[in-house]
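Written below as structure tokens is the structure these notes are about.
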Protein chains: 2
Amino acid sequence: MSSRRDAVHDILRSSASFRSAQDVYAQLRSDGAKIGLTTVYRALQALADGGMVDVLRTDDGESVYRACTTDSHHHHLVCRQCGSTVEVAGPDVERWAEAVGAEHGFTEVTHTVEVFGTCAECSVSRTSR
Amino acid sequence: MSSRRDAVHDILRSSASFRSAQDVYAQLRSDGAKIGLTTVYRALQALADGGMVDVLRTDDGESVYRACTTDSHHHHLVCRQCGSTVEVAGPDVERWAEAVGAEHGFTEVTHTVEVFGTCAECSVSRTSR
DNA sequence: GGCAAAATGAAAACGGTTGTCAAAATCGAC
DNA sequence: GTCGATTTTGACAACCGTTTTCATTTTGCC
């Protein structure tokens, strides 16, 4: 039904890192696509609502999106420099969060966990500069 | 030097939950303080820079601040309803994050971990309603 | 008091995001 | 295929939290 939404989804699927809406929009335009910024936002929102992509907030308040390869619960290891992202599982962390919540009488416990660092590639290019 | 900054800090210290800048501003004004929104933002920023308060981003992009009682690294267990917050330590999580980073060749690994839930008090008031 | 430096705050600017609304594309029945 | 209704689209304006600007006020110091 929505070729625009697919186009947005494709961009995300072909990228290993989290991308911002403006970012996706810019790439679509430079690829020659005729699409408006509003539609990109709508597509990203729909994809996020449908659980097709993961959403994160950057420190400066931007929403960034990523098409993750697994449907199950996972977290992200994100390179601070290049943004490339590895999906990681953390069963211990899940259990810890649950336990911490229970310990203080909290119910319906959820959690957000993100790990940041400098990836091997970026470490190299930085030291060799 | 800065009585306004102290006023802002006091508000945070007397609150168990994370507060937004606008929120703090509103309370100060309703308390009768003559202070501008700009100054509140500046005070919060200074306090955050100095490590006196912790900062979080809400899902809708707002920055929220809290004066934490411990200087050491910790995480938060936040009630989804009333916002009241418990500081929690998670040595296992620290180790896990470090290990995950190392495993994928990442260096300078940091992490963000927040746990959300419904606190005992809010659970009660909801079921009894 | 007098003066320089720092702090303050009203208003404007900013930037990402969302709402508006008319035009365009799509769908369904005929 | 046409016709009308519904959905999608996108240019533009509005929004909202935050930051910047800059003139004024307060503070620290002699």
message = Given (1) more than 21 Å from residue B:113 (Cβ to Cβ); (2) within 14 Å of another protein chain (Cβ to nearest Cβ); (3) out of contact with any helix residue (DSSP H, G or I) (no Cβ under 9 Å at 6 or more places or on another chain), identify the lone condition not met by residue B:61.
response = (1)
message = Among the residues in region B:17-26, are any more than 15 Å from DNA strand C (Cβ to nearest atom) and among the β-branched types (Val, Ile, Thr)?
response = no
Of all residues making up region A:40-58, the number that are closer than 24 Å to residue B:63 by Cα, more than 10 Å from DNA strand C (Cβ to nearest atom) and assigned to a helix (DSSP H, G or I) = 1
request  = Scan region B:111-124 for residues that are β-branched (Val, Ile, Thr), facing chain A (nearest Cβ under 7 Å) and free of Cβ contacts under 8 Å to residues at least 24 places away in the same chain and report the count.
outcome  = 1
Subset of region B:60-85 [under 22 Å from residue B:110 (Cβ atoms), more than 16 Å from DNA strand C (Cβ to nearest atom) and not hydroxyl-bearing (Ser, Thr, Tyr)] = B:64, B:66, B:67, B:68, B:71, B:73, B:74, B:75, B:76, B:77, B:78
key: Those residues of region A:59-78 which are more than 24 Å from residue B:63 (Cα to Cα) and open to solvent by less than 80 Å² (accessible area, probe 1.4 Å), in sequence order   = A:67, A:68, A:70, A:72, A:74
query = So, in region A:77-110, of the ones that are part of a strand (DSSP E or B) and without any contact (Cβ under 8 Å) to a residue 40 or more places away in the chain, which residue ends up farthest from the other protein chains (Cβ to nearest Cβ)?
reply = A:87
message = Test of understanding: among B:126, B:42, B:95, B:66, which residue is modelled with pLDDT of 95 or more and farther than 30 Å from residue B:28 by Cβ?
response = B:95
query = Taking the condition at pLDDT 95 or above and open to solvent by 30 Å² or more (accessible area, probe 1.4 Å), does residue B:81 pass?
reply = no
key: Verdict on residue A:32 being facing chain B (nearest Cβ under 8 Å) and either at pLDDT below 95 or touching a Gly at 6+ places or on another chain (Cβ under 6 Å) (or both)   = no
task = Please enumerate the residues belonging to region A:32-60 that are aliphatic (A, V, I, L, M) and either in the same structural domain as residue A:77 (by TED's automatic domain parsing) or closer than 30 Å to residue B:48 by Cα (or both).
result = A:55, A:56
message = Which count do you get for residues in region B:11-39 that are under 25 Å from residue B:81 (Cβ atoms) and assigned to a helix (DSSP H, G or I)?
response = 12
Qualifying positions in region B:37-52 - within 13 Å of DNA strand D (Cβ to nearest atom) and surrounded by 12 or more Cβ atoms within 10 Å (Cβ to Cβ) = B:37, B:39, B:40, B:41, B:42, B:43, B:44, B:45, B:46, B:47, B:48
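The values are calculated or read from the model by the stated rules, or taken from the named source; none is laboratory data. From a predicted model like this one, the values you see are computed outputs, not experimental measurements. Methodologically, a virtual Cβ is constructed for each residue, glycine included, from the backbone with ideal geometry; neighbour enumeration extends over all protein chains shown. Side chains included, ligands, DNA and RNA excluded: accessible areas come from the protein's heavy atoms. Shrake-Rupley method; radii C 1.70, N 1.55, O 1.52, S 1.80 Å.
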